[in-house]
Amino acid sequence: MGISTQSMALTLAAEGDGLSPQAVWYMGIIGAVILVILFALAFVVRQYKRCPSNRVLVIYGKVGGAKAAKCMHGGGAFVVPLIQDYAFLSLDPMVIEIPLQGALSQNNIRVNVPATFTVGISTDPVLMNNAAERLLGLREDQIREQAQDIILGQLRLVIATLTIEEINKDREKFMRLINENVAEEINKIGLSLINVNIRDITDESGYIEAIGKRAAAEAINRAKVDVAQQERDGQTGEAIAVREKTVKVAAETAAAVEGQKQAEQRQRVAVAALETAAVQGEAQARREREVTVAQRSAETVAGQKAAEQEQRVKVAQAEAQATTGENESRAKIAESNARLAEVQAEARRRAEVAAANAAEAVLVAQRQQEIARLGKEELAPQEIEKQRIEIAADAEAGKLRREAAGQADAILARYKAEAEGVRKVLEAKAEGYRKLMEACAANPQVAPTLLLIERLPELVAEQVKAVQNLKIDKITVWDSGSPKLGAGGKGATAEFLSGLIGALPPVHELARQAGIDLPGALGKVREDRTDEPPAPAGSKNA
């Protein structure tokens with residue numbers, strides 16, 4: 001209808017402008033085609049849906065395959081009219097309050113666990129399809145209510161698998177189990193767990209509060225023990241400083257005195273050290289006893305509180321269980337008292353042992369002092385005299401050794417000099433004998449005669465020694481009987497031989513008187529059977 005009207009208008013306009021009807025017709029067709037194209041473009045633009053970043057585009061209807069919907073996060077898609085339609089799911093986080101009250105734990109204690117869960121629709125393809133199938137078209141409060149029911153049930157299930165101690169202490173395990181169980185269940189409806197915040201955990205019976213008080217009491221006791229230990233260390237350090245000061249002052253004072261003053265100073269130092277050790281031992285034993293008593297008292301109080309709490313719980317459950325709990329509490333108290341008595345006995349024993357050790361140390365110090373006094377008064381002079389004698393003996397021995405060494409060196413030098421002289425004399429004699437043998441090579445018999453003449457003064461000396469104490473009744477004197485050299489005109493050699501031959505008979509006579517056998521080179525004297533032997537020339541009797 002609109003096209004016909006437009007054609008008639010164009011025809012009238014064309015008639016007014018003087019155009020032919022055919023041209024007008026063509027113009028109408030072209031205009032109609034343009035209008036159709038514009039309408040088609042507008043329709044396509046209107047049916048192309050873009051997905052914002054904080055939403056999920058869900059296209060449902062005939063989407064192909066066995067899927068009931070097609071989910072997209074970001075981008076866009078064309079929605080086919082009549083066959084497909086679309087909707088959006090918000091990705092905004094939802095905060096869900098879980099006021100859990102009276103959840104039963106594994107040890108049958110009801111606890112209150114108020115928590116805040118933050119959830120949201122996930123962009124995972126599988127979870128987006130789950131959300132499209134189960135949450136599409138629901139309001140936010142309906143989604144929150146559905147998620148709250150799921151979370152509440154899973155939170156109760158997690159608490160039922162844990163004891164009250166695990167819930168209170170091991171928060172990491174508690175949170176891990178909540179994340180695993182709750183996330184697995186809400187993923188089935190397309191939601192993902194973003195954050196879990198447990199505000200506080202309480203119980204109706206006050207067990208968690210008692211645990212907290214016990215922990216606080218233990219912390220206080222540990223703090224008291226630490227303070228006591230620090231005080232002990234401070235007092236010990238002060239005592240050590242005082243002792244060191246006393247020792248140094250006594251040492252400086254002792255440097256100015258000798259003898260008995262030194263012994264008295266050492267005695268004072270030893271007594272002060274022993275007293276300090278005894279005081280330290282007593283203080284240590286007292287502190288340990290106080291700390292032990294405080295610990296046992298704290299354990300007793302904690303045991304009593306735990307027993308009373310257990311008793312209240314058991315009374316709430318059953319009267320029979322209350323009786324059993326009371327008996328167990330009494331047994332624990334008895335055991336704690338027994339341990340306390342044992343610790344007290346051990347402390348007393350250690351104190352007695354410390355006192356005995358201190359007394360023993362005093363006796364040992366006194367013994368050492370008496371030994372030192374005896375060493376100073378009696379042993380020291382003897383030791384000094386012994387050392388003096390040893391030093392004097394060492395000095396005398398050194399002197400004798402040095403003198404003996406000097407004498408030995410002198411004797412050795414003299415013997416060496418004598419040996420050297422004898423060696424040179426013998427070498428000279430050997431050289432003389434060699435030359436004598438060379439000179440007498442033509443007449444070897446002359447050499448012994450010459451050697452005998454050389455030894456003749458010694459023979460005469462020995463003869464004189466032999467007869468010096470004898471009574472001599474006759475003395476024979478001889479000479480060569482020859483004139484002086486050159487008087488008869490004889491040469492020196494002839495004169496020498498003549499004198500030598502003339503002297504042989506007296507030599508034989510002298511040898512006979514002395515009982516000496518002359519060598520054969522000197523010849524023999526023929527014996528005459530006369531009463532008196534003929535006197536040699538130039539001899540005279542007296």
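The values are calculated or read from the model by the stated rules, or taken from the named source; none is laboratory data. These numbers come from a predicted model, not from an experiment. All Cβ positions, glycine included, derive from the backbone under ideal geometry; neighbour counts span all protein chains shown.
Structure summary
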{"read-out": "Residue satisfying condition, being in a helix (DSSP H, G or I), polar (S, T, N, Q), surrounded by fewer than 12 Cβ atoms within 10 Å (Cβ to Cβ) and at pLDDT 80 or above, within set Gln387, Gln366", "value": "Gln387"}
{"read-out": "Set Gly74, Gly64: member being part of a loop (DSSP other than H, G, I, E, B) and either under 60 Å from the mean Cα position of the chain (by Cα) or loosely packed, with under 10 Cβ neighbours inside 10 Å (or both)", "value": "Gly64"}
{"read-out": "Those residues of the stretch 74-91 which are modelled with pLDDT of 85 or more and in contact with a helix residue (DSSP H, G or I) (Cβ under 8 Å, 6 or more places away or on another chain), in sequence order", "value": "Leu89, Ser90"}
{"read-out": "Residue in the stretch 289-297 that is modelled with pLDDT of 75 or more, over 30 Å from Asn112 (Cα atoms) and under 34 Å from the mean Cα position of the chain (by Cα) present", "value": "no"}
{"read-out": "Every residue from the stretch 91-103 that is of a type outside the set (Val, Ile, Thr), surrounded by fewer than 15 Cβ atoms within 10 Å (Cβ to Cβ) and assigned to a strand (DSSP E or B)", "value": "Glu97, Pro99, Gln101, Gly102"}
